[in-house]
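To start, the structure under review is shown below, and the notes come after it.
The values are calculated or read from the model by the stated rules, or taken from the named source; none is laboratory data. Bear in mind the structure is a predicted one, so any value in this text is a computation, not a measurement. Every residue, glycine as well, gets a Cβ built from its backbone with ideal geometry; the counts of neighbours run over all protein chains shown.
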Amino acid sequence: MRINDDLSRPVIAHASQEDWIPSPAPGVDRRMLFRIGEEKARATSIVRYAPGSAFARHVHSGGEEFLVLEGVFQDDEGDYPTGTYVRNPPGTSHAPASQGGCTIFVRLWQFRADDRAQTVRLPGEGQPAEPRPGASAATVLFDDGHETVLLEDWRATATVTVENSGGLEFLLVSGGLTVDGEAMSPQDWGRLPAGVNLHAQVGAEGARVWIKRGPLLHPDVCEF
């Protein structure tokens with residue numbers, strides 16, 4: 001299976017327009033935004049856990065990165081409420097579940113092979129950063145010199161530009177945006193190749209945006 005796999009082209013994926021596709025675990029469904037592979041895949045997805053659903057314990061040989069969008073995600077390390085950001089590097093394992101149901105944004109098999117940086121940022125945690133023009137707040141969730149992950153709040157009706165020298169992904173967490181004339185709703189995702197800046201017009205309700213700056217595919221990415 002190949003979905004939005006041409007990394008040389010800009011893409012905006014409208015998650016709300018995609019079908020929910022069942023996973024191997026009952027009650028866990030996915031909206032696929034980027035995918036190369038079948039069940040074992042290099043992938044970016046919106047994943048929905050029905051109340052009481054769970055996956056069996058498994059190893060993330062290629063790493064896992066996720067942001068909790070709704071509800072409370074759980075595993076053997078604890079509870080992760082809405083707004084929590086987690087990086088589980090290659091070789092880590094867990095048994096994910098959600099007693100009350102949740103929705104997460106997740107990236108799989110996109111870590112560097114030698115990345116061992118495990119990170120948990122609960123809501124409000126991270127390093128404050130200088131907001132860019134049009135933003136009211138910015139927080140660095142992760143930065144290892146290879147990639148930077150931020151969570152930013154953008155002011156209502158502002159025009160925001162994000163320069164992109166090395167590759168850019170972004171997820172609209174809440175609010176509204178228009179990017180190059182294309183309206184985006186919460187949980188919509190975009191990816192821009194290096195050299196293509198993000199130009200966004202913020203809606204009347206403002207916007208919260210998750211941003212990743214760095215190679216769209218690391219040259220030393222985990223093989224599968």
- Kindly check whether there is at least one residue in segment 154-164 that is in contact with a His (Cβ under 7 Å, 6 or more places away or on another chain) and in contact (Cβ under 8 Å) with a residue 60 or more places away in the chain. no
- Query: Pick from 53, 45, 61: which is in contact with a strand residue (DSSP E or B) (Cβ under 6 Å, 6 or more places away or on another chain) and more than 10 Å from residue 104 (Cα to Cα)?
  - Reply: 53
- Go through segment 123-141 residue by residue and tally those that are surrounded by 13 or more Cβ atoms within 10 Å (Cβ to Cβ), in a strand (DSSP E or B) and among the small types (Gly, Ala, Ser). 3
- Taking residue 192, is it without any contact (Cβ under 8 Å) to a residue 40 or more places away in the chain and not assigned by TED's automatic domain parsing to the domain that holds residue 45? no
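Of the residues in segment 1-49, how many are among the basic types (Lys, Arg), under 17 Å from residue 101 (Cα atoms) and in a loop (DSSP other than H, G, I, E, B)?
Residues meeting the conditions: 0.
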- In segment 195-224, how many are small (Gly, Ala, Ser) and not in a strand (DSSP E or B)? 2
- Message: With the condition being of a type in the set (Asp, Glu), I'd like the strands (runs of 3 or more DSSP E) fully within segment 142-194 carrying at least 1 qualifying residues.
- Response: 148-154, 168-179, 182-184
- Message: Give me the strands (runs of 3 or more DSSP E) completely within segment 50-100, filtered to those with at least 1 residues that are free of Cβ contacts under 8 Å to residues at least 24 places away in the same chain and under 23 Å from residue 26 (Cβ atoms), ordered by residue number.
- Response: 64-75, 78-81
- Note on the structure: Output for Cβ contacts, cut-off 6 Å, separation at least six or different chains, first residue assigned by TED's automatic domain parsing to the domain that holds residue 56 and over 20 Å from residue 173 (Cα atoms) in segment 15-31, second of a type outside the set (Lys, Arg) and not in a loop (DSSP other than H, G, I, E, B), reads 22/29; 27/53; 28/49; 28/53
- Message: I want to confirm something. Restricting to segment 195-224 and keeping residues that are touching a strand residue (DSSP E or B) at 6+ places or on another chain (Cβ under 8 Å) and among the small types (Gly, Ala, Ser), which single residue is surrounded by the most Cβ atoms within 10 Å (Cβ to Cβ)?
- Response: 207
- Message: Whether any residue in segment 146-156 is at positive phi and not assigned by TED's automatic domain parsing to the domain that holds residue 106 is what I want to check.
- Response: no
